[in-house]
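Below is one structure, written out as structure tokens, with a few remarks after it.
The values are calculated or read from the model by the stated rules, or taken from the named source; none is laboratory data. Since we're looking at a predicted model, the values are computed, not measured. Because the Cβ atoms are built from the backbone with ideal geometry, glycine has one as well, and the counts that use them run over all protein chains shown.
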Amino acid sequence: MRPTAAVLAIICIALAACGDGPRPTQGHQHSASAPTGALADLSMAVAVLMPTAGSNVAGVLRFQQRDGKVVISGDVTGLSAGGRHAIHIHEFGDASAADGTAAGGHYNPEGHPHAGLDTAHRHAGDLGNLLADAAGACHLEISVDNLTIAGARNPILGRSVVIHAKEDDLTSQPAGNAGPRIAVGVIGVAK
């Protein structure tokens with residue numbers, strides 16, 4: 001997959017605002033220092049979803065920090081009609097691989113097992129499933145309390161949102177048996 005000019009612009013804005021950006025985590029390690037100063041005060045972010053090779057999935061997701069939670073909302077198209085598709089935040093803000101694998105694994109700085117949204121101890125990046133309508137479209141609106149845009153706990157700025165081909169079974173380790181990645185979007189600064 002080749003990043004479009006819009007995706008590259010988002011990445012450049014995020015990198016300029018972040019310096020080196022949030023440090024990606026490996027395995028069960030905690031992330032390095034959280035962003036400070038104006039970056040820690042960010043309350044809005046955006047991810048433009050781009051299809052991986054052979055996919056038509058696209059969309060825009062917005063992230064807003066509100067009352068100690070992150071509200072994730074937006075629209076996704078190109079999904080399978082009536083299908084369920086896993087959605088996760090992944091470690092790296094890298095959409096350069098045609099199959100989406102450059103985004104790394106699930107974002108899991110606290111070292112929890114993979115699980116569903118209703119489980120207190122889950123990967124920070126576990127967001128459940130999208131349910132597409134008969135036209136293959138989905139409107140998403142969820143609120144999570146285990147993430148921040150660029151704050152001290154599990155900052156997501158500079159990471160990726162990934163949509164998968166299959167439903168997340170919410171139990172299989174380490175990733176819910178969700179299948180190939182069909183769209184990736186880097187989370188960047190928004191107004």
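For the stretch 128-167, what are the residues that are over 25 Å from G68 (Cβ atoms) and over 13 Å from the mean Cα position of the chain (by Cα)?
Scanning the stretch 128-167 gives L131, A132, D133, A134, A135, G136, A137, C138, A165, K166, E167.
Any residue in the stretch 125-144 that is among the charged types (D, E, K, R) sitting within a Cβ distance under 8 Å of a residue that is buried (at least 20 other Cβ atoms within 10 Å of the Cβ)? List the pairs, counting only those 6 or more apart or interchain.
From the stretch 125-144, the pairs are D126/H88; D126/H106; D126/H114; D126/D168; D126/G176; E141/I72.
Counting just the residues of the stretch 38-59 that are in a loop (DSSP other than H, G, I, E, B) and without any contact (Cβ under 8 Å) to a residue 24 or more places away in the chain, which one comes out farthest from the chain's Cα centre (by Cα)?
Checking each candidate, the answer is G54.
Could you give me the residue pairs with C-beta distances under 8 Å whose first residue belongs to the stretch 60-86 and is closer than 21 Å to G116 by Cβ, whose second residue is among the acidic types (D, E) and at pLDDT 95 or above wherever it lies, and which are 6+ apart or on separate chains?
Correct list of pairs: V71/E141; I72/E141; S73/E141; G82/D133.
Going by the structure shown, is H106 modelled with pLDDT of 85 or more, buried (at least 21 other Cβ atoms within 10 Å of the Cβ) and touching a Gly at 6+ places or on another chain (Cβ under 7 Å)?
For H106, the condition - modelled with pLDDT of 85 or more, buried (at least 21 other Cβ atoms within 10 Å of the Cβ) and touching a Gly at 6+ places or on another chain (Cβ under 7 Å) - is met.
Say we look at the stretch 124-174 and pick out the residues that are more than 25 Å from P51 (Cβ to Cβ) and charged (D, E, K, R); which of these is surrounded by the most Cβ atoms within 10 Å (Cβ to Cβ)?
Only one residue fits best here, namely R153.
Please go through the stretch 60-93 and give me each residue that is closer than 22 Å to S172 by Cβ and more than 12 Å from the chain's Cα centre (by Cα), ordered by number.
L79, S80, G83, R84, H85
Go through (1) closer than 20 Å to S160 by Cβ; (2) at pLDDT 95 or above and name the single condition A135 misses.
All conditions pass for A135, except number (1).
Just to be sure I understand, how many residues within the stretch 168-179 are over 15 Å from the mean Cα position of the chain (by Cα) and in contact (Cβ under 8 Å) with a residue 60 or more places away in the chain?
Total meeting the criteria: 4.
Looking only at the stretch 103-121, count how many residues are free of Cβ contacts under 8 Å to residues at least 60 places away in the same chain and under 13 Å from the mean Cα position of the chain (by Cα).
Number of matching residues: 0.
For K191, work out the one condition from (1) at pLDDT below 95; (2) surrounded by 22 or more Cβ atoms within 10 Å (Cβ to Cβ); (3) touching a strand residue (DSSP E or B) at 6+ places or on another chain (Cβ under 7 Å); (4) of a type outside the set (F, W, Y) it doesn't fulfil.
For K191, the failing item is (2).
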